[in-house]
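A.B. asks: Just dropping this structure here.
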Protein chains: 2
Amino acid sequence: MSTLADEKHDPADDRLLTDQLFDQLSEAIVMGTFAPGSKLSEPRLAAQYGVSRGPVREAIRRLEERKLVTSAPRQGVRVVVPTPEDALELFTIREVLEGLAARHAADNATDAEIEDLRTMLAGHRQALSKPDAMVYWQATANSDFHFMVARIGRNQHLFDLLCGEYYTLFRLYRMRHRIVPGRAQRALAEHERIVEAIADRDAELSELLMRRHIASARTGLINQATA
Amino acid sequence: MSTLADEKHDPADDRLLTDQLFDQLSEAIVMGTFAPGSKLSEPRLAAQYGVSRGPVREAIRRLEERKLVTSAPRQGVRVVVPTPEDALELFTIREVLEGLAARHAADNATDAEIEDLRTMLAGHRQALSKPDAMVYWQATANSDFHFMVARIGRNQHLFDLLCGEYYTLFRLYRMRHRIVPGRAQRALAEHERIVEAIADRDAELSELLMRRHIASARTGLINQATA
DNA sequence: ACGCTCAAATCTGTCGACAGAATTGACGTT
DNA sequence: AACGTCAATTCTGTCGACAGATTTGAGCGT
């Protein structure tokens with residue numbers, strides 16, 4: 001049992017209880033530790049994590065803002081139940097936003113940033129040839145790429161939206177997308193083409209390829225959902 | 001002094017204190033009652049509205065999620081200071097999202113919904129010919145149109161984003177955009193052309209016109225900011 | 001006058017408590 | 001065995017309190 005209170009005296013871990021709780025609860029929801037539709041009781045979570053209800057409430061309210069739980073007044077909150085319709089809606093939004101980010105990345109990337117992108121993808125390609133490649137891909141590589149493109153796009157609000165507010169929700173739906181064999185390989189190839197378009201400062205092509213890349217992921221998601 | 005506690009026993013007003021506070025604080029920020037950059041003290045607000053710090057904290061945390069205040073740990077929160085850069089970023093995001101909504105509206109609108117759109121615009125046109133037209137426009141007409149298009153688009157997450165999470169922030173920046181003479185007239189004409197494109201089920205044109213419409217508003221905003 | 005020091009005042013983060021509403025579950029009815 | 005009732009339990013929304021950190025500002029030295 002890892003109560004937060006026990007670790008609280010570590011000076012390096014000075015984050016607020018609410019933030020730690022939000023991270024842990026988010027992770028638990030994405031990983032399925034809390035079943036979709038199950039109720040989250042404030043007193044129970046408070047006891048479980050060794051804190052009072054105050055921080056738990058604040059963390060839950062943030063989960064609510066991020067659409068990871070649904071809340072009915074005076075009836076508590078329940079873990080969101082992901083539906084294929086939600087997935088379609090979210091990936092449609094993500095398609096235009098990531099496309100926008102890629103376009104701006106092509107317009108704004110410095111030579112050093114393009115070098116960083118290529119270095120990162122080279123690392124991903126190497127990692128993909130090893131065992132446990134899928135785990136690595138799902139856990140870090142995919143996010144790394146999209147994070148970096150969003151950052152290079154130099155729109156702070158867009159970055160916050162893609163890599164902050166919506167990040168966990170996207171991850172929740174991606175997690176349901178059991179990796180079909182070869183999907184990671186294909187995704188990496190798509191990443192590489194996007195980076196080349198950015199390196200060419202071809203904003204229009206960068207946006208097109210990124211949108212196609214997201215649409216491809218969306219198709220995999222929907223097909224699986226209806227299968 | 002309108003404390004919330006006094007009105008609490010009205011059975012019709014059963015909303016949670018946090019929600020009421022969030023609305024009132026949002027409004028105060030948009031209207032400039034709280035100056036940009038000024039600090040929001042929890043005890044002071046609690047006393048002012050006649051409630052305890054709990055609901056005030058939750059309302060403030062929601063303001064933070066919505067980017068209406070910035071927060072530094074253990075230093076409280078300050079009302080966001082709108083910059084031209086922020087405005088540009090936000091309207092760039094809004095452009096692709098509203099364009100997406102318009103495209104989907106054209107794909108999904110029923111005959112009845114198109115009739116509703118036309119009826120609404122007819123009302124707006126009539127209202128614009130009367131005195132106080134600007135106030136009416138800024139307060140309701142503009143939002144009405146964008147709300148309805150987003151709703152007809154039938155993407156619940158997109159609707160929530162445009163008409164919920166980002167609504168007040170967009171309003172904050174629009175409020176700084178003192179209405180240039182004739183802007184409301186021109187905006188209404190643009191709305192009318194968008195509705196005709198939707199009525200023709202021309203998704204591509206609907207998206208194009210909506211994006212141009214937002215871009216036009218953005219240009220006005222930026223020009224004024226740099227003036 | 002200006003800057004520094006340090007104590008007073010204020011505020012944030014966290015906790016525990018209570019009232020009323022909602023949920024659960026035992027019990028009796030059909 | 002299914003259903004409705006009602007009391008016991010649990011939970012949410014709200015409040016007040018406290019410790020430690022931060023900010024304020026009075027007093028002092030220069």
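A.B. asks: Can you tell me which of B:Leu45, B:Leu68, B:Leu16 moves the most in a GNM of chain B? Springs connect C-alpha atoms under 10 Å apart.
C.D. replies: Highest fluctuation among the options: B:Leu16.
A.B. asks: Using alpha carbons only, how many degrees (0 to 90, rounded to 10) separate the axis of helix B:17-31 from the longest principal axis of chain B?
C.D. replies: 70
A.B. asks: With the cut-off at 1.5 for a/c, could you classify region B:52-95 from its C-alpha gyration tensor as rounded, prolate or oblate?
C.D. replies: It comes out prolate by the Cα gyration axes.
A.B. asks: Could you sort the residues of region B:71-91 by number and keep only those whose accessible area is reduced by 30 Å² or more in the all-protein-chain setting relative to the chain alone, 1.4 Å probe?
C.D. replies: Flagged in region B:71-91: B:Arg74, B:Glu89.
A.B. asks: Another question about this same structure. Rounded to whole Å, give me the distance from the Cα center of region A:124-158 to that of region B:188-223.
C.D. replies: Taking the Cα centre of each part, region A:124-158 and region B:188-223 sit 36 Å apart.
A.B. asks: Kindly provide the helix-only [θ] at 222 nm of the protein assembly as shown, computed as the sum of -39,500 (n - 2.57) over DSSP H runs of four or more divided by all residues, to the nearest 500 deg cm²/dmol?
C.D. replies: That calculation yields -21000 deg cm²/dmol at 222 nm.
A.B. asks: Counting only residues 5 or more places away or on other chains, whose amide H sits under 5 Å from the amide H of A:Val69 once H atoms are built in the peptide plane?
C.D. replies: Excluding prolines and chain starts, which carry no amide H, the hits are A:Glu64, A:Val80.
A.B. asks: Would you please classify the overall shape of region B:84-226 from the alpha carbon gyration tensor, given that a ≥ b ≥ c denote the square roots of the eigenvalues, rounded means a/c under 1.5, and beyond that prolate means a/b larger than b/c while oblate covers the rest?
C.D. replies: Here region B:84-226 falls in the oblate category.
A.B. asks: Helix B:167-176 versus the longest principal axis of chain B: what angle, 0 to 90°, nearest 10, using Cα atoms?
C.D. replies: 80
A.B. asks: Relative to the longest principal Cα axis of chain B, at what angle does helix B:203-226 sit, 0 to 90 degrees, rounded to 10?
C.D. replies: Once rounded, one gets 50 degrees.
A.B. asks: Name the residue, out of A:Ala87, A:Ala28, A:Ala187, whose mean-square fluctuation peaks in a Gaussian network model built on chain A with Cα pairs under 10 Å.
C.D. replies: Evaluated over chain A, the most mobile residue of the options is A:Ala28.
A.B. asks: Nearest 100 Å² is fine: how much accessible area is buried between B and A, summed over both sides, with a 1.4 Å probe?
C.D. replies: It comes to approximately 2700 Å² buried between B and A.
A.B. asks: Quick check on region B:6-79: take the gyration tensor over C-alpha atoms, sort the square-rooted eigenvalues as a ≥ b ≥ c, and tell me if it's rounded (a/c under 1.5), prolate or oblate.
C.D. replies: Since a/c reaches 1.5 and a/b is larger than b/c, the shape of region B:6-79 is classed as prolate.
A.B. asks: Here's a follow-up. Taking only protein heavy atoms into account and a 1.4 Å probe, give the accessible area per residue of region A:6-79 in Å².
C.D. replies: In whole numbers, region A:6-79 has 53 Å² accessible per residue.
A.B. asks: List every residue whose amide H lies under 5 Å from the amide H of B:Ala109, counting only residues 5 or more places away in sequence or on a different chain, with H placed 1.01 Å from N in the peptide plane.
C.D. replies: none
A.B. asks: Oh, and also: Give me the three principal axis extents of the protein assembly as shown from the C-alpha atoms, as integers in angstrom, largest value leading.
C.D. replies: 72, 52, 45
A.B. asks: Enter the accessible area of B:Met120 (Å², nearest 10), with the probe set to 1.4 Å and all protein chains included.
C.D. replies: Answer for B:Met120: close to 30 Å² accessible.
A.B. asks: Here's something else I'd like to know. Report the charge-dipole magnitude of region A:84-226 in Debye, nearest 20, computed about the Cα centre from +1 at each Lys and Arg Cβ and -1 at each Asp and Glu Cβ.
C.D. replies: 580
A.B. asks: Normalised by the residues of chain A, what does the relative contact order come to in percent, with Cα pairs under 8 Å and at least six apart?
C.D. replies: Relative contact order of chain A: 25 percent.
A.B. asks: With a Förster radius of 25 Å, plug the Cβ-Cβ distance of B:Arg74 and B:Ser38 into 1/(1 + (r/R0)^6) and report the FRET value to the nearest 0.05.
C.D. replies: The formula returns an efficiency of 0.85 here.
The values are calculated or read from the model by the stated rules, or taken from the named source; none is laboratory data. Bear in mind that the values here come from a model prediction, so they are computed numbers and not experimental data. Positions of Cβ are generated from backbone atoms using ideal geometry, with glycine treated the same way; all protein chains shown enter the neighbour counts. For the accessible areas, the whole protein counts, side chains as well, though only heavy atoms, and no ligand, DNA or RNA atoms are used. Shrake-Rupley method; radii C 1.70, N 1.55, O 1.52, S 1.80 Å.
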